[in-house]
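Undergrad: Here you go, one structure.
The values are calculated or read from the model by the stated rules, or taken from the named source; none is laboratory data. Here the structure is a predicted model, which means the values were calculated and not measured. All Cβ positions, even for glycine, are placed from backbone atoms using ideal geometry, and neighbour counts span all protein chains on display. Surface accessibility is based on the protein's heavy atoms, side chains included, excluding ligands, DNA and RNA. Shrake-Rupley method; radii C 1.70, N 1.55, O 1.52, S 1.80 Å.
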Amino acid sequence: MTSPISTRKHGDVLIVTSNNPPVNALGAAVRQGLVAAMEQADGDDSVKAVVIHCDGQTFFAGADITEFGKPPVSPWLPEVVDRIEATTKPVVAAIHGTALGGGLEVALACHYRVAVPSAKLGTPEVKLGLLPGAGGTQRLPRVAGVPLALEMTAGGNPIGAKQAYEAGLVDRLIEGDLLEHAVAYAHEVESVRPLPISSTKQDKLAAVEASTFDDFRKANARKFKGFDAPEKNIQCVEAATRLPYAEGVKTERQLFMELMSGGQSRAQQYFFFAERQAAKIEGVGKDVQPRAINRVGVIGAGTMGGGISMNFLSAGIPVTIVEMQQDALDRGTGVMRKNYEATAAKGRLTGEQVEQAMGLLNPTLDLNALGECDLIIEAVYENMDVKKEIFTKLDGIAKPGAILASNTSYLNIDEIAAVTKRPEDVVGLHFFSPANIMKLLEVVRGAKTAPDVLVTAMQLAKRIRKVAVVAGVCYGFIGNRMLIPRQTQAMQLLLEGATPAQVDKVHTDFGMPMGPFQMADLAGVDIGWHRDPGRVENIRDALCAIDRWGQKKGAGFYDYDEKRRPTPSPVVQQIIDDFRAKQGVEKREISDQEIVERTLYTMVNESAKILEEGMAQRASDIDVVWIYGYGWPVYRGGPMHWADGEGLPKIVEGLKAQQERMPDFTFSKLLLDKAEKKEKFTR
Ligand code: T1G
């Protein structure tokens, strides 16, 4: 098999090229080829300098993650990196695309680095639950300094080539043909082989205040909470300031192996592929072309309509937004502008970009203005009659081939499609609130939704920086359907003796951003309430009847201060106690484990039903929904991956132990079957 690494001479410069699509991952053959190329350079006196560059979309984007967990094949990446650094002729890395992880470590082993301005450089290993394991934690601080090294390794986000140049990570920014200029640069430096980064003295490091590391930890405590990898990245960078390179790299190796053998990195590596798998639609061929989407229409300028519109405006796609009343339209567009300005105030947008985005917005009261749109998204009140009325009108207004989407979070897409003459053009696009922030988009596939409509939706999701998951038509689709048993059991647990704070703490200790009751207060306790304060049939009705609608009212399941900080409410506890007495329920001690079994295990059972009914294409899609839609901790890999780790037999046993307390509960056959056979949901 031909090596993905080829070499050719250009004068006295040896050009080493990697051609390993799609991202030039540093698989075994690439590593072997790189070592051979360095041997060739050292063995050929006519070679005075070397350029390493990559064909295709990017410079090496890291180690080959598909090799993880398999028997290692030599040479290992650290050996390759050290071999490059030891080459007697100066080696120039020519960077484009994304030099990530091991890719950046290869570049750091080179003696020089040149890059096109659009390139990005990063060490995202922490997002896989790892750390740079080929010298990156030791070389990066030596060349870029500790603060940037901490941000890049423990934070995991890449930096642009310009920032890298200013930090000394890149020696020259290349305008024009990268390879041509990299070779010219190699000619310039061929007589000067600088000290390798690993040999540089630690003057840049010695002066680092010991408090730097604790200050960094404190500043990121919230973001790193529950994760193992960030702390180990920090410890490696800290080691670089105290130890000679050879010792520091031993620390790196030891901490890398600890992370690699841990459950968190397995979960995060699993999730890396799960997220990419979600983009694939079963049963739709690669030849199906998407429809062109150049103008989007949004009906409803409320919280959801405004947030949805911002996604398209930010992607440079013009939006016509329609409301029924001028004041609602003005309020909606005002909120959008305010959101953009708040982002600009944080330095994440310029004033010009705000104007650019808002300039693409066409607010109107005239539904007919949607006639020119390629995609129309209805985002109005969650009521089937209202939605049917709108889709009936849209059927007469929208141009042929326009995609008609509903942002409904529970309702039946087939029923909505049936009022139109074009059910094949109807699809669900379920955004998660706040729609301009949350990454998840559930693409609800109706019985008659055309394949190219699905392909268009998945491609558009990527364009507006969302992660899309295909869902079937059922009440609540994937995510919200799994909320139902969780919410039902959480409410029942209050009657039996748990408090909102206890139930929520089990979930936040598990790693969720908030528990069921904190979430209800944030979203609105009154969502789906019948609005009749005289009709009080359950705890939720009782809260709504006295205006305890959640954070927006300063009170819900919790009381809130002016900073929206929650405290348990004696009023709510009294309501719970009264209902318990009225229903003759015996109050008892509820263990945290029971709360896990009644809320998390029942969610797993529901996800198994979703799978067996074909409402999700694959188990890993359900994990993507919960991680991006509800903040399930990524270091647990999602509900299905987590259930596999718990062991499905244990899940079934736990549910059986609770069954008599859950009269409406029924087991998923798929869950029982897999538990019986000791199988897993995910690979
Ligand atoms: N290994 C194997 N496959 C990879 C890969 C990788 N590093 N990166 C991407 N792919 C596959 C991906 O699964 C998909 O496959 C296809 O390439 C396109 O990816 C020792 C230990 C580079 C920014 O974490 O961030 O180095 O679905 O859809 O949107 O210190 O891929 O087509 O079959 O994402 O253009 C560190 C991970 C590894 C970078 C491109 N590196 N990749 O984004 O395409 S650990 C990373 C990305 C490491 C060393 C340590 C992105 C991208 P398929 P894609 P994209």
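Undergrad: Please indicate, with yes or no, whether at least one residue in the range 333-350 is in contact (Cβ under 8 Å) with a residue 40 or more places away in the chain and open to solvent by 40 Å² or more (accessible area, probe 1.4 Å).
TA: yes
Undergrad: Among what's in the range 121-151 and is of a type in the set (D, E, K, R) and out of contact with any helix residue (DSSP H, G or I) (no Cβ under 7 Å at 6 or more places or on another chain), pick the residue that is farthest from the ligand (Cβ to nearest atom).
TA: Glu151
Undergrad: For the range 205-251, how many residues meet the condition of being basic (Lys, Arg), closer than 21 Å to Ala267 by Cβ and in a helix (DSSP H, G or I)?
TA: 3
Undergrad: Also, quick follow-up: Val596: part of a helix (DSSP H, G or I) and on the phi < 0 side of the Ramachandran plot, yes or no?
TA: yes
Undergrad: Within the range 276-297, is even one residue touching a helix residue (DSSP H, G or I) at 6+ places or on another chain (Cβ under 9 Å), under 26 Å from Met615 (Cβ atoms), surrounded by 23 or more Cβ atoms within 10 Å (Cβ to Cβ) and among the small types (Gly, Ala, Ser)?
TA: Yes, that holds for at least one residue.
Undergrad: Residues in the range 8-24 that are in contact with a helix residue (DSSP H, G or I) (Cβ under 9 Å, 6 or more places away or on another chain), farther than 13 Å from Val183 by Cα and open to solvent by 60 Å² or more (accessible area, probe 1.4 Å): how many?
TA: If we filter the range 8-24 for residues that are in contact with a helix residue (DSSP H, G or I) (Cβ under 9 Å, 6 or more places away or on another chain), which is where we start, we get 10-18, 20, 23-24.
Going one step further and asking which of them are farther than 13 Å from Val183 by Cα, we end up with 18, 20, 23-24.
Checking which are open to solvent by 60 Å² or more (accessible area, probe 1.4 Å) leaves us with none.
Number satisfying all stated conditions: 0.
Undergrad: Now a separate question. Looking at (1) closer than 22 Å to Gly631 by Cα; (2) at pLDDT 95 or above; (3) away from the ligand (no atom under 16 Å from the Cβ), which one does Gln264 not meet, given that it meets all the others?
TA: So Gln264 meets the others, but not (3).
Undergrad: Would you point out the residue of the range 152-168, among those that are closer than 21 Å to Val249 by Cβ and part of a helix (DSSP H, G or I), that is nearest to the ligand (Cβ to nearest atom)?
TA: Thr153
Undergrad: Here's a follow-up. Considering only residues that are among the basic types (Lys, Arg) and either more than 10 Å from the ligand (Cβ to nearest atom) or in contact with a strand residue (DSSP E or B) (Cβ under 8 Å, 6 or more places away or on another chain) (or both), which ones fall in the range 267-303?
TA: Answer for the range 267-303, where residues must be among the basic types (Lys, Arg) and either more than 10 Å from the ligand (Cβ to nearest atom) or in contact with a strand residue (DSSP E or B) (Cβ under 8 Å, 6 or more places away or on another chain) (or both): Lys286, Arg291, Arg295.
Undergrad: Next up: Being open to solvent by 20 Å² or more (accessible area, probe 1.4 Å) and either small (Gly, Ala, Ser) or free of Cβ contacts under 8 Å to residues at least 60 places away in the same chain (or both) is the filter; apply it to the range 598-619 and report the residue that is nearest to Ala279 (Cα to Cα).
TA: Gly614
Undergrad: If Pro566 satisfies all but one of (1) within 38 Å of the chain's Cα centre (by Cα); (2) surrounded by 12 or more Cβ atoms within 10 Å (Cβ to Cβ); (3) within 25 Å of Tyr381 (Cβ to Cβ), what's the number of the condition it fails?
TA: So the condition that Pro566 fails would be (3).
Undergrad: Continuing with the same structure: Taking the condition of being assigned to a helix (DSSP H, G or I), among the aliphatic types (A, V, I, L, M) and either without any contact (Cβ under 8 Å) to a residue 40 or more places away in the chain or out of contact with any Phe, Trp or Tyr (no Cβ under 7 Å at 6 or more places or on another chain) (or both), how many residues in the range 108-130 meet it? Don't jump to the end; show me each part of the working.
TA: To start, the set of residues in the range 108-130 that are assigned to a helix (DSSP H, G or I) comprises 108-109, 124-128.
Next, from what is left, pick out any that are among the aliphatic types (A, V, I, L, M): 108-109, 126, 128.
Next cut, either without any contact (Cβ under 8 Å) to a residue 40 or more places away in the chain or out of contact with any Phe, Trp or Tyr (no Cβ under 7 Å at 6 or more places or on another chain) (or both) only: 108-109, 126.
Residues that pass the stated criteria total 3.
Undergrad: Moving to a separate point now. Would a scan of the range 444-462 turn up a residue that is among the β-branched types (Val, Ile, Thr), buried (at least 21 other Cβ atoms within 10 Å of the Cβ) and in contact with a Leu (Cβ under 7 Å, 6 or more places away or on another chain)?
TA: First, the residues of the range 444-462 that are among the β-branched types (Val, Ile, Thr): 444, 449, 453, 455-456.
Of the ones still in play, those that are also buried (at least 21 other Cβ atoms within 10 Å of the Cβ) are 444, 449, 453, 456.
Checking which are in contact with a Leu (Cβ under 7 Å, 6 or more places away or on another chain) leaves us with none.
No - not one qualifying residue is present in the range 444-462.
Undergrad: Taking Ile5, is it within 21 Å of Arg172 (Cβ to Cβ) and either aliphatic (A, V, I, L, M) or surrounded by 21 or more Cβ atoms within 10 Å (Cβ to Cβ) (or both)? Don't jump to the end; show me each part of the working.
TA: Values: within 21 Å of Arg172 (Cβ to Cβ): no; either aliphatic (A, V, I, L, M) or surrounded by 21 or more Cβ atoms within 10 Å (Cβ to Cβ) (or both): yes.
Spelling it out, it is not the case that Ile5 is within 21 Å of Arg172 (Cβ to Cβ) and either aliphatic (A, V, I, L, M) or surrounded by 21 or more Cβ atoms within 10 Å (Cβ to Cβ) (or both).
Undergrad: Having 2 or more residues that are under 30 Å from His530 (Cβ atoms) is the bar; report the helices (runs of 4 or more DSSP H) wholly within the range 338-450 that clear it.
TA: Working: elements: 351-359, 384-397, 413-417.
Those helices (runs of 4 or more DSSP H) span 384-397, 413-417.
Undergrad: Please count how many residues of the range 156-195 are acidic (Asp, Glu) and free of Cβ contacts under 8 Å to residues at least 12 places away in the same chain.
TA: Residues in the range 156-195 being acidic (Asp, Glu) and free of Cβ contacts under 8 Å to residues at least 12 places away in the same chain: 4 in total.
Undergrad: Can you name every residue in the range 252-279 that is without any contact (Cβ under 8 Å) to a residue 12 or more places away in the chain and outside any helix (DSSP H, G or I)?
TA: Ser261
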